[in-house]
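Following: one structure in structure tokens, then a few remarks.
No lab work stands behind these numbers, since they all come straight from the coordinates. Nothing here was measured: the structure is a model prediction, and the numbers come from that model. Backbone-built Cβ (ideal geometry, glycine too); neighbour counts: all protein chains shown.
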Amino acid sequence: MPKEILSYTPHELSYASYEEKPLASDEIRVRVDYAAPKHGSELHGWRSDPDAPARDFDAGTKCFMEKPRNGGEEAVPGAFRPGNMWVGRVTETGSAVASFRVGDRVAGYGCLRETQTVPVDKRSEPGLGFCVDVLHVPEEMPWQAALSYDPCQFAMSGVRDAHVRLGDVCLISGLGAVGLLAAELARLQGAGMVIVSDPIERRRRIALENGADYAFDPLTEDVGLAVKRLSANRGADAVIETSGSYPGLQTALRAAAYGARIAVVGWFQPCRGAFDLGLEAHMNNATIFFSRACSEPNPDYPRWNWERINRECWRLLSSGKLSCEKLFDPVVSFQDAAETYLDVVDRHPEKSVKMGVRFL
């Protein structure tokens with residue numbers, strides 16, 4: 001039987017076998033070749049404080065609402081399954097599937113498991129024509145590029161929402177996969193100077209190799225002041241904050257030019273330390289814009305929406321306009337993936353950029 005990685009307890013992972021059910025008429029089955037987890041948002045619920053109140057986002061009020069943890073009954077623990085995107089080959093198709101054949105190279109969303117069974121020819125969200133569950137992957141497309149589809153969506157949204165324009169000085173704060181792709185996209189957008197900031201040396205090095213002009217360590221350097229001095233004291237015209245850390249946002253405010261726009265892409269958790277809105281934030285009239293690619297309507301609706309962002313990301317990735325190979329480090333076998341995930345994703349993020357898992 002095929003296996004998957006799952007957890008019932010924070011900071012612990014194990015392998016479990018699962019049963020493959022017969023295909024529905026609209027489904028395909030895929031043997032996975034490569035996959036990757038997220039390094040940010042998927043950890044939030046897994047690591048959450050069990051004593052903290054549970055909250056769900058209420059679509060009607062647009063507020064997070066506290067809910068009873070057990071609803072008056074003993075809770076049945078749910079499994080956490082790490083994973084985000086995968087690339088593989090179709091091994092079986094349902095009777096009604098017309099757009100995929102056995103042997104096709106495809107990519108989609110799912111947890112770290114040896115096979116994927118997914119519906120096709122359907123829209124994953126109402127009204128969206130491209131956000132399908134499975135994408136055709138050209139044979140010449142690197143697997144790393146296909147697995148960069150999800151982070152690219154949010155990187156593109158950040159670049160657009162920060163209003164990066166031709167000749168701008170652009171600062172990217174945080175160099176996970178989203179930040180590294182945002183740096184490349186800012187260059188493609190025509191930024192005159194791309195500056196990046198991250199405390200992890202290997203991430204700064206990759207950014208420079210992929211075209212960034214300057215890279216700074218915020219733990220040892222005054223990044224805001226450095227940006228000002230590199231730009232004749234003007235500061236960054238556009239800032240893209242992807243770290244999800246309050247020190248990163250503080251740096252963004254210090255580096256921003258008067259009247260600049262800061263696109264906050266990272267998903268912040270409650271502030272546990274000092275964060276000061278009485279310094280540069282008060283004096284320099286910057287705009288902080290919370291950027292989330294999949295929230296509709298898009299700020300540029302009706303010209304842009306989630307569907308168009310997805311289409312443009314896939315075009316850039318499949319045409320080789322973005323360099324993604326160096327983002328995946330380390331790449332490990334599926335047999336070593338659980339241990340490696342705990343090491344480089346959960347405990348020591350400084351050891352990784354974006355973890356890749358090899359099933360071949």
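Against the compact-protein benchmark of 2.2 N^0.38 Å, the Cα-based radius of gyration of the chain scales to 1.02. Spatially close Lys pairs in the chain, defined by Cα atoms under 17 Å apart and a spacing of eight or more places or different chains, total 6. Only Cα pairs under 8 Å and 6+ residues apart enter the sum, and on that basis the relative contact order of the stretch 151-290 stands at 24 percent. With neighbour counts taken as other beta-carbon atoms within 10 Å, the residues CYS152, CYS271, CYS294 rank, fewest first, as CYS271, CYS294, CYS152.
Note on GLU140 and ARG202: the model spin-label points, each 7 Å out from Cα along the C-beta direction, lie 3.1 nm apart. For the stretch 163-183, the residues whose amide N sits under 14 Å from a probe point set 7 Å from the Cα of THR287 along the beta carbon direction are 163-165.
Averaged over residues, the count of other Cβ atoms within 10 Å places the peptides 163-174, 311-322 in the sequence 163-174, 311-322, highest first.
Under 5 Å between amide hydrogens, built in the peptide plane, is the criterion, and for ILE288 it picks out ILE262 among residues at least 5 positions away or on other chains. Do you know the relative contact order of the chain, to the nearest whole percent, from alpha carbon pairs under 8 angstrom that are 6+ apart? Relative contact order, the chain: 17 percent. Placing R0 at 45 angstrom, the Cβ-Cβ distance between ALA98 and ARG358 gives a FRET efficiency of 0.90 after rounding to 0.05.
Axis of helix 177-189 versus longest Cα principal axis of the chain: the two differ by about 60°, to the nearest ten degrees.
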